[in-house]
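Just below is one structure, and these are the notes that go with it.
The values are calculated or read from the model by the stated rules, or taken from the named source; none is laboratory data. The shown structure was predicted, so the numbers you read here are calculated from the model rather than taken from an experiment. Every residue, glycine among them, receives a Cβ derived from its backbone with ideal geometry; neighbour counts consider all protein chains shown.
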Amino acid sequence: ARKIIIDTDPGQDDAVAILLALASPEDLDVLGITAVAGNVPLALTSKNARIVCELAGKTDTKVFEGCDRPMGRELVTAEHVHGKTGLNGPVLPDPVMDVQAQHAVDYIIDTLRNHEAGTVTLCPLGPLTNIGTAFEKAPDIVEKVQEIVLMGGAYFEVGNITPAAEFNIYVDPQAADIVFKSGVPIVVMPLDVTHKALVTPSRNDAFRNIGTNVGTAVAEMTDFFERFDKEKYGSNGAPLHDPCVTAYLIQPELFSGRHINVEIETTSELTMGMTVADWWRVTDRKPNALFIGDVDSDGLFSLLTERLSRL
Ligand code: BDR
Ligand code: CA
């Protein structure tokens, strides 16, 4: 199984991404989950990460708390999408699991130093603050990362927090810039692909029909998430952003994209956090990411329903 660290700001869609990983031990070995401030403040993302591990019955999962604010800007949160707790929808018990004592950034650094180069993959599902900070603090770990598979950015689908930017990159453009310039192999799940991963009513029913606590909770989470997107975009179902990351690691053939150059806007307030993606290769800038553009969404939701039913 591939060794991963999930860096996350749960978030209903983060929760589903984590559940998919925890349900798939033959494919993914979740070394640790590192919480970061994003959708809601750090205290809540850390709590939500533990709520999700307990929901999955995986109470031995290690959860760490990382950075409580972006590297160079004030924190922007997204309660308007995820609700006050970040995990609105299902009623889930407060976690009994403790958070680990070590800071998430130091955990990321130590884990990479203690593993052979090319054996640990990072899976960021929120702002890139913990990863950017770790790379800045310990540049020696950069070359040890096997791959970074992240949710963030947009090209054709442009922005969901400003007209130009996707939320995760917008919240910490400085950290994103460090990551995209690092030279680590990167796979990006931008809005272009996640807006094709829609929880339609029948896909939501499939989660509910699993008939377990996990199935019901996931259906209630995506129901809540749905409200915002329906009002906003009138789409037939909410995009399930973050599970694209863990699904890619399990079944990469569901996705397709292009190796292109992606640069992050870090100075203009108007386009702050924009992922300037050279999709048509109009520059000679070196490709630094596999930018995913398409997904077999039926395949994605079958995988999700099948794996979640194991928990
Ligand atoms: C991203 O922002 C968050 O609200 C979601 O959890 C996802 O990671 C989508 O733009
Ligand atoms: Ca997220």
Task: Filter result for the condition that a residue is β-branched (Val, Ile, Thr) and surrounded by fewer than 23 Cβ atoms within 10 Å (Cβ to Cβ), over Ile148, Ile169 - done: Ile148
Task: Options Leu20, Leu31, Leu44, Leu75; residue that is more than 30 Å from Thr267 (Cβ to Cβ), within 15 Å of ligand 1 (Cβ to nearest atom) and either touching a Lys or Arg at 6+ places or on another chain (Cβ under 8 Å) or at pLDDT below 95 (or both) - done: Leu20
Task: the range 107-119 - residue that is in contact (Cβ under 8 Å) with a residue 24 or more places away in the chain and either in contact with an Asp or Glu (Cβ under 8 Å, 6 or more places away or on another chain) or under 17 Å from Val63 (Cα atoms) (or both) and, of those, surrounded by the most Cβ atoms within 10 Å (Cβ to Cβ) - done: Ile108
Open item on the list: Restricting to the range 47-61, give me the number of residues that are without any contact (Cβ under 8 Å) to a residue 40 or more places away in the chain and more than 16 Å from ligand 1 (Cβ to nearest atom).
Closed with: 4
Task: Criterion (surrounded by fewer than 17 Cβ atoms within 10 Å (Cβ to Cβ), without any contact (Cβ under 8 Å) to a residue 24 or more places away in the chain and out of contact with any Cys (no Cβ under 7 Å at 6 or more places or on another chain)) met by exactly one of Glu143, Glu74 - done: Glu74
Open item on the list: One residue is enough: does the range 236-245 have a residue meeting the conditions part of a helix (DSSP H, G or I), of a type in the set (Gly, Ala, Ser) and under 21 Å from the mean Cα position of the chain (by Cα)?
Closed with: no
- [ ] Evaluate the following for Asn236: is it at pLDDT 95 or above, surrounded by fewer than 23 Cβ atoms within 10 Å (Cβ to Cβ) and among the polar types (S, T, N, Q)?
- [x] no
TODO: Please identify the pairs in which a residue from the range 285-311 that is in contact (Cβ under 8 Å) with a residue 24 or more places away in the chain and closer than 14 Å to Ser24 by Cα has its Cβ atom under 6 Å from the Cβ atom of a residue that is surrounded by 20 or more Cβ atoms within 10 Å (Cβ to Cβ) and among the acidic types (Asp, Glu), counting only partners at least 6 apart or on another chain.
DONE: none
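Within the range 165-174, identify whether any single residue is more than 11 Å from ligand 1 (Cβ to nearest atom) and either free of Cβ contacts under 8 Å to residues at least 60 places away in the same chain or aliphatic (A, V, I, L, M) (or both), and answer yes or no.
Among the residues of the range 165-174, not one is more than 11 Å from ligand 1 (Cβ to nearest atom) and either free of Cβ contacts under 8 Å to residues at least 60 places away in the same chain or aliphatic (A, V, I, L, M) (or both), which makes the answer no.
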Open item on the list: Quick check on the range 1-45: of everything there that is of a type outside the set (A, V, I, L, M), within 14 Å of ligand 2 (Cβ to nearest atom) and part of a strand (DSSP E or B), which residue is surrounded by the fewest Cβ atoms within 10 Å (Cβ to Cβ)?
Closed with: Asp7
- [ ] Output the number of the condition that Thr133 fails; it satisfies all remaining conditions of (1) more than 30 Å from Asp294 (Cβ to Cβ); (2) hydroxyl-bearing (Ser, Thr, Tyr); (3) within 16 Å of ligand 1 (Cβ to nearest atom).
- [x] (3)
Open item on the list: Looking at Phe156, Phe228, can you tell me which residue is modelled with pLDDT under 95, of a type outside the set (Asp, Glu) and within 17 Å of Ile260 (Cα to Cα)?
Closed with: Phe156
